[in-house]
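The values are calculated or read from the model by the stated rules, or taken from the named source; none is laboratory data. Not measured: the values here are computed from a predicted model. In this analysis, Cβ positions are derived from the backbone assuming ideal geometry, glycine residues included, and neighbour counts consider all displayed protein chains. When the accessible area is computed, the model is the full protein with side chains, heavy atoms only, and any ligands, DNA or RNA have been set aside. Shrake-Rupley method; radii C 1.70, N 1.55, O 1.52, S 1.80 Å.
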Amino acid sequence: MKTKNMKKYIFAFMGIFLVAFLAIVYVMNVRADEEKDTLVPESTHISDVEVEKATLIIGSHLIYIGCLNDELYEIAQASAETFSQHNIYYKSELAGGTWYEISSASSIADITNQGTPVSRSVIEELPLTHHTKSNGKTYDLVNGGTVSIFDINNPYNLADMEELQPLYLRYQVMLNLDNPNEEDEKNKELLRAFFAEDMKQNKVTSYLETGEEYISYEEDTIITDCEEGIAGLQKYYDSLNPDSDSVRREVVMKVMEAVDATRRADIMEKLDTLLTELSEDVQHASTHTVGGGEEEEESEEKNEFGVDSELVEAIAEAQNNVQTSHIKYSSNALKLDGTILGDENYNLSDSLIDAAKNSDTTKCGKITDKIGNLFNVRDSIIKNAANELSYIDDSLIGNARNAYKAALKSGKSDDYKAAAKAGASDIELNQYLEISKSNINAVRTEYQFVVKAKAIRMDNAEAQRYVISLLDTTDELRSEIPNDALKSGANETVDAFEQWIKSFLAELVNNGTSQNEMGQLQSEKDELLTKKQDAIDHNDYSEANRLQALIDAKDQQIDDLEADYQAIITSDTATPSEKAMAAANMQSQTAGSAALNIANSAVETIQSGSLDGLSENLDALDALLISNGPLVYSALSDIKDALKASGIGSSGTGSGSGTGSGSGTGTGSGSGTGSGSDGKNNGSGNEYADLLNKTDGLLLRAEDALSSQGLSTSEIEDLIKELFGKSFLNLSDEDRLSVVLAIEWYGEIKNNNKIKDLAADYADVMLSQKSKYAFVKLTTTLTEYASAKNVSVCAGYRYIFDDSKMRVTLQKRAKFYEFVTNSKQVRNNDGTVELEKDILFQNYLYIPSDYVYDTFGYQTEYIDEGTVALLYDSAIQEKSEEVYNEMMERGGN
């Protein structure tokens, strides 16, 4: 689970770096159980005298240790598989240039007196292809000259492409057949044409007037732009000093990696199409058409050889590899993804590429520094707080807030409007509303992330003022919400934002380096108590009495200050921000007594037959929930008991003297003959019911506070950064899934709705980002179902939908599963299976979760506090359990 980010181990002093590198090698050097059966590319040898000290050999790569980075390490590791060269060697500067085998090394001693020296002859016999020298440039040892590391694994040579190896190996077998038949010859020609495809071109299909298909080719502008971008960035990268410009070099390398991923994603998409066409051509080539003439019926007959099943299987395996790589490269590609951080990264990277193409090094430097700040914010790393804060203010915080306002303002989605126009059911319409709410929550989560990124780079007191000021902006946010079907859900996201502000404010106050006034008074009192106890221990009762007088005076100061805070919290004129700050500044000891004082006052008022001020009292207890959940829960319980025992709200008869129509004690007007002076006549039934409901709602939230022992949501976020080296928003889709599952499980075991809310927020992010693992829960039943669309993507099946029959077929190679809406039967290769529950439909077809697990190996997790469900397999489960166990270890009590 620990991050594999090698770059964090590069230090200014190479000795320190080497110790870190050796430790990583010791952990990460796991050899493959089986050697890969691939064609080995060209390599060469090198003389020892040509290699400078402090150089590593990983696979077929020589790398000066000061120039090692994540991308270069991964490429070198891949070459170790290709050349079956799994040992790692190091030319030690601490031992006069002696070579050591360090594959299992774990300390500096392994490259000095206790290491395993290797003779130069061994090194000079190793197959080598590339050499990255101390000047930061990588040289092609076979062809000569410098090369971008992203061109080392040629993205255009299909014969060498790892994803296509199953198919290429089958092609080699076919080329060497002793007695190929007609079918083999046709297939060999198809494969020859396939592997000759130019990936830098796009194939365009058009039709002549005769109806004949015509194939032409045009330049792939995505490839061209990426090629030019990498070339420009590489030139700028080479101009930077490996030592003084190491930070900028790291940023440029990351941008180049994204550009490379962009072109490779484009290539994988084209390959997927070509492989589909190849599969169809191979199967069609096994039949021929008989008959002729306009009036004759055409038919297809299998030729005598049939379909080459091994070739079809190889195509299917290659296509599965290509689709997997397409997902990986697409997730790392430069693109506008609709998020603040993602779009900012795209725009800055695009500007850097343009500047690099024009050799404008000054502009490149400025943009690179901005991207570095963005990366630090994105990864929750503080390297230069002042620069990063300035960047957040200039480029991020306004955009994040505007994005949230725009999301709130968006109202019903186009899908909702179209469905409503088509007469969709309320259930289906609510589904679209839930999706829209999830999308808004995803934007809110990113806004909160940027707010927090700004606050943690500010002075604590300044950060508190900034965060508290956000409470005064929530009315403005609500004013953006249209009065339509989505209004309620959109308002709920603002409620969640308010609650987050209060929670984060309390965290800032508690983490402040200087104590607030209440904390200072409490500390002074504690010091006096210690001195008093010491005086008693020494039988100095006179001094003890003097100190007690000082303690009493301190208690009075605390009581006075607590009364001031309580007055603010219960005030009708105080702003929400003033109330929140008052609550955040109260220490836990005094927050409890404040809660009890509020409760006592409220109970006395209720017992007198009045509801005056009770709503304000409940608001005050709400504000104190964060500070002291247990005592607030107790206070609310007392208030609820008093309400139930009071008789307020029940129908009854007035008993005053005189004549007239007195109001009763219930919802009716009453039939009393008195003047209505009975003390229990001051509250209407509707008001009573509203206050009782409000009390019940607060009790539920207080129960959550009671169960909040263990990790807080902020501690969970910090733990995620520690385990993965990144914040949640920057994790891969798989890592996001494992994190959400772990948080959900932890929230369930702790019975903590705040933690469950965090899981729901993160799940909303996954859904909005179109994660293949996330889908909307089926709303028509409490039974857990899985979306067949997500199952198809996760398990690698094609999703074929027949709208006319509401039928879905999942197909992989020759294997298929056919599902029909509102049926319990599943048809597959082996016949028909009867399910216990119906197959249902809601935008996509939904399959009972137990069948999904039994058949495809994926389990379903419904997120308690949200509308999202997740799919996960055993590998993700194992990863999630590691994160969950870490949470339990850190905060299981």
- Query: How many residues are out of contact with any helix residue (DSSP H, G or I) (no Cβ under 6 Å at 6 or more places or on another chain) and touching a residue at least 40 places away in the same chain (Cβ under 8 Å) if we restrict to segment 753-775?
  - Reply: 3
- Task: Looking only at segment 382-398, count how many residues are surrounded by 15 or more Cβ atoms within 10 Å (Cβ to Cβ) and touching a residue at least 24 places away in the same chain (Cβ under 8 Å).
- Result: 6
- Item | Condition broken by Y432, with the remaining ones in (1) at pLDDT 95 or above; (2) crowded, with 18+ Cβ neighbours inside 10 Å satisfied | (1)
- Query: Of the residues T573, T530, T590, which single one is modelled with pLDDT under 75 and of a type in the set (S, T, N, Q)?
  - Reply: T590
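Quick one: which residue in A742, A788 is within 18 Å of L871 (Cβ to Cβ) and touching an Asp or Glu at 6+ places or on another chain (Cβ under 9 Å)?
Numbers: A788 fails: touching an Asp or Glu at 6+ places or on another chain (Cβ under 9 Å).
Residue meeting the stated conditions: A742.
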- Just give me the residues in segment 115-148 being open to solvent by 50 Å² or more (accessible area, probe 1.4 Å), farther than 11 Å from H61 by Cβ, among the hydroxyl-bearing types (S, T, Y) and in contact with a Ser or Thr (Cβ under 8 Å, 6 or more places away or on another chain), in sequence order. T146
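What residue, among those in segment 252-308 that are assigned to a loop (DSSP other than H, G, I, E, B) and either among the hydroxyl-bearing types (S, T, Y) or modelled with pLDDT of 50 or more (or both), is farthest from N187 (Cα to Cα)? Let's see the steps before the verdict.
Here is the first cut: in segment 252-308, the residues assigned to a loop (DSSP other than H, G, I, E, B) are 285-286, 291-298, 303-308.
If we keep only those that are either among the hydroxyl-bearing types (S, T, Y) or modelled with pLDDT of 50 or more (or both) too, we end up with 285-286, 304-308.
Values: A285: 8, S286: 9, E304: 15, F305: 12, G306: 12, V307: 10, D308: 9 Å.
Within segment 252-308, the match that is farthest from N187 (Cα to Cα) is E304.
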- Message: Among the residues in segment 60-75, are any under 12 Å from N153 (Cβ atoms) and free of Cβ contacts under 8 Å to residues at least 40 places away in the same chain?
- Response: yes
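Has segment 495-510 got at least one residue that is under 26 Å from L624 (Cα atoms), over 26 Å from the mean Cα position of the chain (by Cα) and open to solvent by 80 Å² or more (accessible area, probe 1.4 Å)? Talk me through it step by step, then tell me what you get.
The initial filter retains those residues of segment 495-510 that are under 26 Å from L624 (Cα atoms), namely 495-510.
Pick out the ones that are also over 26 Å from the mean Cα position of the chain (by Cα) and you get 509-510.
Right, trim to open to solvent by 80 Å² or more (accessible area, probe 1.4 Å) and you get 510.
Yes, the conditions are met somewhere in segment 495-510.
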- Message: I'd like to check something: does segment 149-170 contain any residue that is loosely packed, with under 14 Cβ neighbours inside 10 Å, in contact (Cβ under 8 Å) with a residue 12 or more places away in the chain and assigned to a loop (DSSP other than H, G, I, E, B)?
- Response: no
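Scan D559, D534 and give me the residue that is assigned to a helix (DSSP H, G or I), out of contact with any Asp or Glu (no Cβ under 6 Å at 6 or more places or on another chain) and either touching a residue at least 24 places away in the same chain (Cβ under 8 Å) or over 30 Å from E578 (Cβ atoms) (or both).
Numbers: D559 fails: either touching a residue at least 24 places away in the same chain (Cβ under 8 Å) or over 30 Å from E578 (Cβ atoms) (or both).
None of the other options fit; the residue is D534.
Only one of V820, V826 is modelled with pLDDT of 90 or more, open to solvent by 20 Å² or more (accessible area, probe 1.4 Å) and more than 30 Å from G489 (Cα to Cα); which?
When all the criteria are applied, what remains is V820.
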- Task: Give segment 745-754 a look and list any residue that's buried (at least 23 other Cβ atoms within 10 Å of the Cβ) and closer than 9 Å to E865 by Cβ, or say none.
- Result: G747
- Query: Is one or more of the residues making up segment 872-880 at pLDDT 95 or above, of a type outside the set (D, E) and part of a strand (DSSP E or B)?
  - Reply: yes
- Note on the structure: Checked against (1) at pLDDT 90 or above; (2) under 29 Å from L274 (Cβ atoms); (3) surrounded by 13 or more Cβ atoms within 10 Å (Cβ to Cβ); (4) not charged (D, E, K, R), A193 satisfies every condition except (3)
- Hey, can you tell me all the residues within segment 534-570 that are polar (S, T, N, Q) and either touching a Cys at 6+ places or on another chain (Cβ under 7 Å) or at pLDDT 85 or above (or both)? S542, N545, Q548
- Cβ-Cβ under 9 Å pairs, at least 6 apart or on other chains, segment 112-123 side farther than 12 Å from Y90 by Cα and of a type outside the set (A, V, I, L, M, F, W, C), far side part of a loop (DSSP other than H, G, I, E, B) and at pLDDT below 90: N113/A95; Q114/S107
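Return the residues of segment 446-469 that are in contact (Cβ under 8 Å) with a residue 40 or more places away in the chain, closer than 16 Å to I392 by Cα and in a helix (DSSP H, G or I); say none if nothing qualifies. Outline the logic, then answer.
Step one: of segment 446-469, the residues in contact (Cβ under 8 Å) with a residue 40 or more places away in the chain are 446-458, 460-461, 463-464, 467-469.
If we keep only those that are closer than 16 Å to I392 by Cα as well, we get 446-458, 463, 467.
If the condition is that a residue be in contact (Cβ under 8 Å) with a residue 40 or more places away in the chain, closer than 16 Å to I392 by Cα and in a helix (DSSP H, G or I), then E446, Y447, Q448, F449, V450, V451, K452, A453, K454, A455, A463, V467 are the ones that fit.
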- Item | Pairs where the first residue, in segment 616-628, is open to solvent by 10 Å² or more (accessible area, probe 1.4 Å) and the second is among the acidic types (D, E) and at pLDDT below 80, C-beta under 8 Å, 6+ apart | E616/D572
- The condition of being part of a strand (DSSP E or B) and either at pLDDT 90 or above or among the hydrophobic types (A, V, I, L, M, F, W, C) (or both) holds, among A760, A786, only for A786
